[in-house]
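Please read through the structure below; I'll follow up with questions.
The values are calculated or read from the model by the stated rules, or taken from the named source; none is laboratory data. Keep in mind that what you see is a predicted model, and the values were worked out from it rather than measured. Virtual Cβ from ideal backbone geometry, glycine too; neighbours counted across all protein chains shown.
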C-alpha cells in the first residue's frame, strides 16, 4: 500500500515533512495547503504535488493521511476534522496548549477509531534509538538516573514566544517525552526552577529562557532536564543514562566527526547549529514509522496519549517554577 499524503502548512516544519514524505518508500505527496500562496507554490513546484485548500483535502478521495504543520491553536480542530473523514493524522506537537482541550480532542479520535501520531522526533533519532536499545537489552542494568541536556543556540522571535505556550510547553516538552520513554515509568513528582538570564524581553513576554527540572517516578528513578535559549557554541543535545550496571550516553553532532591535532592543541569542528539539520534523520524515520503504521493498520509509536502526558508534565513544571514547590501528579 502506498500512503497518499497531504501536508497542511508549508512553513519550515511543513517543508521538512514534505521532504520526508517524498523520500519515504511507500509514501507519496499528493497535495499541500497553505494560505500563503508563495509558500504553497514552493512545495508544489519542488515535489510536483497539487495546491488545495484544507477543506478540499478533507474531501479528497486520493488522500489517505495528513501531516498537520499549522500553528498550534489550529491543531486540535484539524485533528478532529480529519479524524471524522477517515484520514490518518500525523500532527506536530502539541495537540493543544490546554490539557482539557487535548482530552476533548482525543475523545473524538477514539470515537472515530482514527489513527493519530504526535510528532516527537527525538525518539526517532538514530543515536537516541541506539541508546534506548542499550537500555532495553539490559546492558546497563536497571535505569536509575537520567540527565537530558537540551540547549538552543538562541531564542525564537518574540511573536513566536507569545503564542508558543512558554518554554516548558514548547521546548522542554520534547525532553519530557524523552524522559518518559527512557525511564520506563510514569513521573510522580515534578520540581522545576526557571529564570530569565539571556534576554529581559523574554520576561516581559511572560516566559523563561533558562530552566532545570527534576522528574521523579514512584520508585525513585530520577531524570534531570536542563534547557537554555542561549548556547553560544551551537545546538547542544545530549543524554546520559546511568544504570545499576553502567551507563550509556549520546553525544552532540558536529559539522564533521573529526579531531585536529596541531602544535597549539586539539580542535574539533563546531556543533550543528539548527534543530532541522541535527534531526534530519529523525524526521525521516518518524514519517517512515507513521507510514508503516498506516499501511499495516498498526498502532503508531507515539500517540495522542504521549502528547497529553508530556503537556501535563509541562503544566506541572510551570506550576512548580511559579510556586517553588514540587508538584505531585496523579
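Mind listing whichever residues of the range 162-178 are assigned to a helix (DSSP H, G or I), crowded, with 21+ Cβ neighbours inside 10 Å and either free of Cβ contacts under 8 Å to residues at least 60 places away in the same chain or outside the structural domain of residue 317 (by TED's automatic domain parsing) (or both)?
175
Quick check: is even one residue across the range 289-305 closer than 30 Å to residue 198 by Cα and either within 24 Å of the chain's Cα centre (by Cα) or without any contact (Cβ under 8 Å) to a residue 60 or more places away in the chain (or both)?
Of all residues in the range 289-305, those closer than 30 Å to residue 198 by Cα come to none.
No, the range 289-305 contains no residue that is closer than 30 Å to residue 198 by Cα and either within 24 Å of the chain's Cα centre (by Cα) or without any contact (Cβ under 8 Å) to a residue 60 or more places away in the chain (or both).
Report yes if residue 149 is in contact (Cβ under 8 Å) with a residue 40 or more places away in the chain and outside any strand (DSSP E or B), otherwise no. Spell out how you get there, then give the answer.
Values: in contact (Cβ under 8 Å) with a residue 40 or more places away in the chain: yes; outside any strand (DSSP E or B): no.
No, not satisfied.
Among the residues of the range 194-210, how many are touching a helix residue (DSSP H, G or I) at 6+ places or on another chain (Cβ under 6 Å) and in a strand (DSSP E or B)? Before the answer, list the steps.
Filtering the range 194-210 down to residues touching a helix residue (DSSP H, G or I) at 6+ places or on another chain (Cβ under 6 Å) leaves 194, 196, 205, 207-209.
Narrowing further to those that are in a strand (DSSP E or B): 194.
Of the residues in the range 194-210, 1 are touching a helix residue (DSSP H, G or I) at 6+ places or on another chain (Cβ under 6 Å) and in a strand (DSSP E or B).
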